[in-house]
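**Student:** Sharing a structure below in structure tokens format, with a few things to ask.
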Amino acid sequence: MKSFFKVLLAFSLLLSMTACTAESKPDKFEAGVYQSTQTGHHGEIVVETTFTNERIEQVKIVKNGDTMMISEPAAEAICANVVKYQTSEVDAVSGATLSSNAMMRGISDCIKQAEGIEDATMPEAEHLTKEGERYDIVIVGAGISGITAALAAATEEDNQTESDLKILIIEEMPFIGGSFIVSGAGIFNPYGTEDHKNGKLDIIDEDTFIEYLNYRNEGDPLKLTSEALQRKVYQGIDPAEKMLSNAGMPFTWYDIIECEVMDVTFPKSSNHALADVFAFTKTYSSLEEEFVAQHGYGSTADICGKYLETALQSKSNITVKLNTEATHLLMENDNVIGVQVKETDYLKNTVTEYDIKSDKVILATGSPNLNSEIIAKYDPSFATAYPFSEAGQNGDGIVMMQEAGLNPVIQGYGGMCYNGTSLQYGMEDGLALYTLGYPVLNTDGNRYYDESITAPYDTGKYTRAQKDNTAYIIFDKNCEFLNGNYLGSYAGVLLEGENLYDYMVRKGFAVKADTLEELAIQIGLEPEKLETVISDWNKAVDGELSDDLMAAPEYAFSVKEGPYYAEKIHALSIESYISLRTLEGSTQLIREDGTAINNLYGCGTLIVSNLFYGTYFNYGGGLTTSLSSGYIAGKEVSDLLK
């Protein structure tokens, strides 16, 4: 009996200890619903996370100020993976890195609010292989040139009837459109608009167009782009625009910019008034209102991307694979026969590698603007600029050709570069502003270019040569940017009751002071030197002092009344002028020895970045030439296969 009671007592103690242990085990989270507001690429992202005591139960993005078509795929994957793997440290979605990071910061903040214990990790992606696929044409890159190439190849000469060709577009980003949907420019058509047809505007003929390019390219010692390709680009603009229109892309021709505005004249044919007519597909209010009413949201990128998506969906012979990176060119007996790809599924956490064979491959991978090695090799001075507004232009096509031993002809140098406030790739906001007509000082307090007349897209080439690629624009309370809620370029934020530069001061992109002395201290300059520079500036503006760096004081503004502002700027590169040479009058790529690479073609900025020899020939020029060259490549390849 005593033994029985001893056993019973021991069992009771064990139960008691077990109960105490269960009761004393701490909760992983304080149950509830928590929110966190973070700054994404363009605007605020509000994350809402629901916890039980034991787990992360649900994650939602309740407000998304970023571009929806770019950030939504990231939101879907991140919210699902955080719940699945019980950690805020999940994989960012390529192409939406800044949005992804903002969402993960918000989730992490919610965990802290819930006094959570975050002890789980996301496993490495599972690597898989699968059987290969086959298409008639594979296009690498779903920017405007790749999409236009696909549409051109998918249709007969009328640009409406579907061809018999089977076409695949692969895109490493989670969205289509590339730089086209994140740029602020439009498309120009020098001869095919209604204004040309009804006589309101003189048609810019092909010879005048070529003369214009030659004028802009005066002094080009290398003749980087053949006249035959220049003429092809001209010929492709109107049919490419008509093809997109037929596929559902709305164009509104809203502005005419005469050549004199851009300070362009023709020495030999001044009777030709060159005018560029621009079509904006994404910035006029009526389309935005219609789009928002239909979809419930809408940025300019969303609107443009949606219509490109509709255009592709109108063709049953086009397939699009997103989150799919081309890693290698497939070769056989010196012929390109397809590409090897790596397809990422963020929801399944898998990476699948396989081959895609095709009769023809078109590279629409863009310029190498984000590839520091290529930029440094061909223009070391340009490598100091920060890349901006270049979606996915990593030089992938060039790298794949080099790795395959195809020795492409890489030519050109530098690119378009201007002064901007912050860096789209590396800082929270995507602001890129320039203030014309105000003094710009480097970190030593010296001015270094003519702020009165230097074109915006030329300012960066001077700033990138300064120490740390850094300078300051100095202005006062009378600056026009301080009047009203001016958003500026790429701001992507709504300023309610706050002017732009007070917003920038709050975000850390600018500083503000009541006196120049206080301003100098904040930006690390000697107060006396700053006061002297600004005093001399004002005298030059008022005509009281001759200034070798101020050719047009009538276009400059004085800086006399506080509060004063200093905007920190850097040289931002918008586009590289480094690209590949093609066969004469063709989009087929060639080797260094001049021989054609069988079955391999190019389009977009990969082959036409240097069309204008280091000058940004006009607003919208890059998009126009990409659109046209895509059309040319698609028709050239499809004609060969037919």
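Since every read-out is calculated from the coordinates, none of them should be taken as a lab result. Owing to the predicted nature of the structure, the values given are computational and were not obtained by experimental measurement. As a convention, Cβ positions derive from the backbone with ideal geometry for all residues, glycine included, and neighbour counts pool all protein chains shown.
**Student:** I need the peptides 579-585, 135-141, 345-351, 627-633 ranked by packing, meaning the mean over residues of other C-beta atoms within 10 angstrom, with the highest value on top.
**Tutor:** 627-633, 135-141, 579-585, 345-351
**Student:** For E118 and E76, what does the FRET efficiency come to when R0 = 30 Å and r is the distance between their Cβ atoms, rounded to the nearest 0.05?
**Tutor:** It comes out at approximately 0.90.
**Student:** With labels modelled as points extended 7 Å from the Cα through the Cβ direction, what inter-label distance (nm, one decimal) is found for M331 paired with N198?
**Tutor:** Each label point lies 7 Å from its Cα, and together they span 5.6 nm.
**Student:** Right, here's the next one. Each residue of segment 159-169 in order: what ³J(HN,Hα) in whole Hz does its phi give by Karplus 6.51 cos²θ - 1.76 cosθ + 1.60, θ = phi - 60°, with x for Gly and Pro?
**Tutor:** With coefficients 6.51, -1.76 and 1.60, one gets 6, 10, 5, 6, 7, 8, 7, 9, 10, 10, 10 Hz.
**Student:** Also, quick follow-up: Once you place label points 7 Å from the Cα toward the Cβ at E156 and S372, how far apart are they in nm?
**Tutor:** 5.3 nm
**Student:** Which of the peptides 164-177, 525-538, 548-561 is most tightly packed, and how do the rest follow, going by the mean number of other Cβ atoms within 10 Å of each residue?
**Tutor:** Working: 164-177: 23.0, 525-538: 17.4, 548-561: 15.9.
Answer by packing, highest mean first, reads 164-177, 525-538, 548-561.
**Student:** How large is the Rg to Rh ratio of segment 343-396 when both quantities use alpha carbon positions and Rh follows Kirkwood? Walk me through the intermediate numbers first.
**Tutor:** Details: Rg = 15.6 Å, Rh = 13.9 Å.
Ratio value, two decimals: 1.13.
**Student:** Here is a follow-up. Work through the residues other than I337 whose Cβ is under 14 Å from its Cβ and net out their charges, Lys, Arg +1 and Asp, Glu -1.
**Tutor:** Cβ neighbours under 14 Å give a net charge of -3.
**Student:** A further question on this structure: In segment 124-186, how does Rg compare with the Kirkwood Rh, expressed as the Rg/Rh ratio over alpha carbon atoms?
**Tutor:** Taking Rh as the inverse mean 1/r over Cα pairs, Rg/Rh reads 1.09.
**Student:** Let me ask something else. Given 0.36 nm per residue, what is the gain on full extension from E554 to E89 after removing their alpha carbon distance, in nm?
**Tutor:** Result for the pair: 161.9 nm of gain on full extension.
**Student:** Rounded to the nearest 0.05, what FRET efficiency do T470 and A31 give with R0 = 41 Å and r taken as the Cβ-Cβ distance? Could you check? Walk me through the numbers before you get to the answer.
**Tutor:** On the way: r = 48 Å, r/R0 = 1.17.
According to the calculation, E is roughly 0.30.
**Student:** Farthest toward the dipole's positive end in segment 49-103, which of S99, T87, N53, given Cβ charges of +1 (Lys, Arg) and -1 (Asp, Glu) about the Cα centre?
**Tutor:** Most positive-ward Cα: N53.
**Student:** Rounded to the nearest 0.05, what FRET efficiency do D345 and K63 give with R0 = 41 Å and r taken as the Cβ-Cβ distance? Could you check?
**Tutor:** Values: r = 27 Å, r/R0 = 0.66.
Efficiency computed from Cβ-Cβ geometry: 0.90.
**Student:** Sticking with this structure for a sec: Express the relative contact order of segment 495-563 as a whole percentage, based on alpha carbon pairs under 8 Å and six or more residues apart in sequence. Spell out each step's value before the answer.
**Tutor:** Details: 50 pairs, mean separation 16.9, N = 69.
Relative contact order comes out at 24 percent.
**Student:** A further question follows. Explain nothing, just the number: relative contact order of segment 303-406, from Cα pairs under 8 Å at least 6 residues apart, as a whole percent.
**Tutor:** Across segment 303-406, relative contact order equals 20 percent.
**Student:** Something else: With each label point set 7 Å from Cα along the Cα-Cβ vector, what nm distance links A383 and H127?
**Tutor:** For the pair A383/H127, the computed spacing is 2.9 nm.
**Student:** Using each residue's phi in segment 332-346, evaluate 6.51 cos²θ - 1.76 cosθ + 1.60 at θ = phi - 60° and report the 3J(HN,Hα) Karplus result to the nearest Hz, with x for Gly and Pro.
**Tutor:** 8, 6, 6, 10, 7, 10, x, 9, 9, 10, 10, 9, 9, 10, 5
**Student:** Turning to a different aspect of this structure: Rg to Rh for segment 515-593: what is it, with Cα atoms only and Rh by Kirkwood? Mind dumping the intermediate values first?
**Tutor:** Values: Rg = 22.7 Å, Rh = 16.8 Å.
My calculation puts Rg/Rh at 1.35.
**Student:** Based on the mean of other beta carbon atoms within 10 Å per residue, what is the order of 444-453, 187-196, 122-131, 62-71, most packed first?
**Tutor:** The packing order, highest mean first, is 62-71, 187-196, 444-453, 122-131.
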